[in-house]
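Take a look at the structure below.
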Ligand code: CA
């Protein structure tokens, strides 16, 4: 199921977006405040985010920037004014597309589909039937599942959200652990070791978490075509 995160504080617009996306077979989750987005995305996965600009708590531009620090989720900014778009583009926030209010629901769904298609050309873990279930702290692959500890889940979530991106141990510590001072590089290594062990034992013999010598770790799904060639 493809899940779209709607970030919108105007109930009528949120309802239109939700209803049309549902009628086209998408699952949705609504957040009404800008300052709640980062925390939600660190614990849940979304395939695309519709992001309004004028929001309580934190505006959409700041949200976009903050999300790009840890996630490559496709972002479609929703703005009330056409004139704003040039300015937004100039800020290089990392958004993927822009939609102007007022929009027709049909146009919105069309643009969402197009952006999903574009982003799915990039290799991602979910294409391989690999999903993270934040409610149960487990990872699901094909018909198997593997329960993880909270820390292991957070590590896997961070790494798998940006396949190919290399994280140093200190970046992992900053993003994952609440008390940075008591966590050493060895703690990270030991959590990664346990995580790999569980994935290998319960899920797949494919190696998906890779050590990058002298640097840190990255998540990369093996290329099926290369394996089968
Ligand atoms: Ca708004």
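We did not get these values from a lab; they are worked out from the coordinates using the rules stated. As the structure is a prediction and not an experimental result, all values here were calculated from the model. Counting neighbours? That spans all protein chains shown, and the Cβs are built from the backbone with ideal geometry, glycine included.
For this structure, a couple of remarks:
- Remark: 137, 167 ranked as 137, 167, counting other beta-carbon atoms within 10 Å and listing the fewest first.
- Efficiency of FRET between residue 1 and residue 184 - r from beta-carbon atoms, R0 30 angstrom, step 0.05: 0.15
- Cα-based convex hull, the stretch 125-228, per residue volume (Å³, whole number): 101 Å³
- The chain: radius of gyration over Cα atoms, expressed as a fraction of 2.2 N^0.38 Å: 1.07
- Theoretical gain in end-to-end length, residue 200 to residue 82 [0.36 nm per residue, Cα-Cα removed]: 37.5 nm
- Semi-axes of the equivalent ellipsoid for the stretch 3-121, Cα gyration tensor, largest first, Å: 18, 16, 15
- For the peptides 70-81, 31-42, 203-214, the ranking by packing is 70-81, 31-42, 203-214, with the highest mean count of neighbouring Cβ atoms within 10 Å listed first.
- Going from the fewest other Cβ atoms within 10 Å to the most, the residues 1, 49, 58 appear in the order 1, 58, 49.
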